[in-house]
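Asks: Got a structure here, written out as C-alpha cells. Questions coming.
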Amino acid sequence: MYQREKRLNWIIFTVLTVSAIIVFFPLYITLVNSFKSYNEVVSSVASLPSTFHFNNFKTVWNQLNFGGVFLNSLIITVVSVVGILMISAPAAYQFVRRPGWVSTFLFMLILSALVIPFQSLMIPLVKVASDLNIMDSIPGIIIMYWGFGIPLAVFLYHGFVKSIPRELEEAAMIDGNGVVGAFYRIVLPLLKPVTTTIAILHSLWIWNDFLLPLITLSSEKNRTIPIASSVYFGQYLNEWHLAMAALTMASIPVIIFFIFMQRNIIDGITAGAVKG
C-alpha cells in the first residue's frame, strides 16, 4: 500500500511539473526575448540573452505612446467590469427571488448569448454600433463589453443567489429594510466570493481582448495595448524583440493583479461549486 501511494504521488508530481513547464514556457520565451536584439531572437529563441537590451522597453514606450494606450485599456477594463457587476448582481437576484415565466424567459434569453460565437455577431455589431454612433468610442466599446460580459456574470450570480436562505432577507425586512435594502445590506456582502471571481475573469478577458477593439476602435488615440502592440507584427517584417517587450509590459499589470487576487478566485470557485 505504501509503495502504491508513493508511486501515485510521483506520478502526480511528474504530471504537475510537466504541466507547469508547459504553462510557464510561453512566459519564459516572452520575457527572455524582450531583452534581446532582433538578430539574437531570430537565431536563438529559447536561450538567455547574451546582452540585456533594456532599450527595447524604452523604444516600445515611445513608439506606442504606451502611457496613453495603458490608460485606455485601464479605463475600458475597470468601467466595463464595474458595470457588469452592478447590472448582473441585481438582475440575477430578481430572477431568483421573483420566479415565474417572465423571469425564466428573460434568464434563458440572456444565457442564449453564451452559445452564440462572437464571429457571427461581428457584422451585425458593427452595423448596430454605427447606427447608434458609438463606433471608435471608448464609452461605446464599454457598452459592448457590458453586453458580452453580463450573460456569464448573471449565470454565475444566479446559481450563487439560490444558495442564500430567503429567511435572511425576511429578517432584514422585518427590521425595516425594503427589497433594495435587503439586497445591498444582506445579500450583496454574501456574494463577495462570486463577485471577486467574476471581476477577475472579466478583467483578464477585457484587458487581453484583441478582436473587439480591432473592429470597433479605429483611431490611434483610442487604441488599447493589444491593438497598439500589433504594429510589430507585419506581413514582411516582424520586430520580435520589440513585440516581446510590449507583451511583457502589457502582462505585468495583469500578473500582479492575478497574484494578489488568486486566493479570492480559488475561494470563489470552490464556494460556488459547493453551494451550487
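Asks: Being buried (at least 20 other Cβ atoms within 10 Å of the Cβ) and of a type in the set (A, V, I, L, M) is the requirement here; does Ala171 meet it?
Replies: no
Asks: For the range 56-69, indicate whether the set of residues that are modelled with pLDDT of 85 or more and outside any helix (DSSP H, G or I) is non-empty.
Replies: Within the range 56-69, one or more residues are modelled with pLDDT of 85 or more and outside any helix (DSSP H, G or I).
Asks: For the range 86-119, enumerate the residues that are open to solvent by 80 Å² or more (accessible area, probe 1.4 Å) and under 16 Å from Phe160 (Cα atoms).
Replies: Met86, Arg98, Pro99 - these are the residues of the range 86-119 that are open to solvent by 80 Å² or more (accessible area, probe 1.4 Å) and under 16 Å from Phe160 (Cα atoms).
Asks: Within the set of pairs 6+ apart or on separate chains, which have a first residue in the range 26-42 that is in a helix (DSSP H, G or I), a second that is of a type in the set (A, V, I, L, M) and surrounded by 16 or more Cβ atoms within 10 Å (Cβ to Cβ), and C-beta atoms under 7 Å apart?
Replies: The qualifying pairs are Thr30/Met244; Thr30/Leu247; Asn33/Val41; Asn33/Met244.
Asks: Now, a different point. Return only the number of the condition from (1) open to solvent by less than 40 Å² (accessible area, probe 1.4 Å); (2) farther than 30 Å from Gly147 by Cβ that Gly83 does not satisfy.
Replies: All conditions are met except number (2).
Asks: Report those helices (runs of 4 or more DSSP H) wholly inside the range 189-276 carrying at least 3 residues which are open to solvent by 30 Å² or more (accessible area, probe 1.4 Å) and at pLDDT 80 or above.
Replies: 192-208, 211-216, 240-275
Asks: Return yes or no: is Thr216 within 13 Å of Leu85 (Cα to Cα) and of a type in the set (Val, Ile, Thr)?
Replies: Here the answer is no, as Thr216 does not meet what is asked.
Asks: Being more than 30 Å from Ser219 (Cα to Cα), under 23 Å from the mean Cα position of the chain (by Cα), open to solvent by less than 70 Å² (accessible area, probe 1.4 Å) and in contact (Cβ under 8 Å) with a residue 60 or more places away in the chain, is that true of even one residue in the range 129-150?
Replies: Within the range 129-150, none of the residues are more than 30 Å from Ser219 (Cα to Cα), under 23 Å from the mean Cα position of the chain (by Cα), open to solvent by less than 70 Å² (accessible area, probe 1.4 Å) and in contact (Cβ under 8 Å) with a residue 60 or more places away in the chain.
Asks: Further question: Give me the pairs: first residue in the range 62-75 and under 13 Å from Ile227 (Cα atoms) and free of Cβ contacts under 8 Å to residues at least 60 places away in the same chain, second residue in a helix (DSSP H, G or I) and open to solvent by 70 Å² or more (accessible area, probe 1.4 Å), beta-carbon distance under 8 Å, and six or more apart or on different chains, which are they?
Replies: So the pair list comes out empty.
Asks: Let me ask something else about it. Among (1) at pLDDT below 90; (2) part of a helix (DSSP H, G or I); (3) buried (at least 17 other Cβ atoms within 10 Å of the Cβ), which single condition is His53 missing?
Replies: With (1) at pLDDT below 90; (2) part of a helix (DSSP H, G or I); (3) buried (at least 17 other Cβ atoms within 10 Å of the Cβ) applied to His53, the lone miss is (2).
The values are calculated or read from the model by the stated rules, or taken from the named source; none is laboratory data. Note that this is a predicted model, so its numbers are computed, not measured. No Cβ is skipped: glycine too gets one built from the backbone with ideal geometry, and neighbour counts run over all protein chains shown. Only protein heavy atoms, including side chains, enter the accessible area calculation; ligands, DNA and RNA are left aside. Shrake-Rupley method; radii C 1.70, N 1.55, O 1.52, S 1.80 Å.
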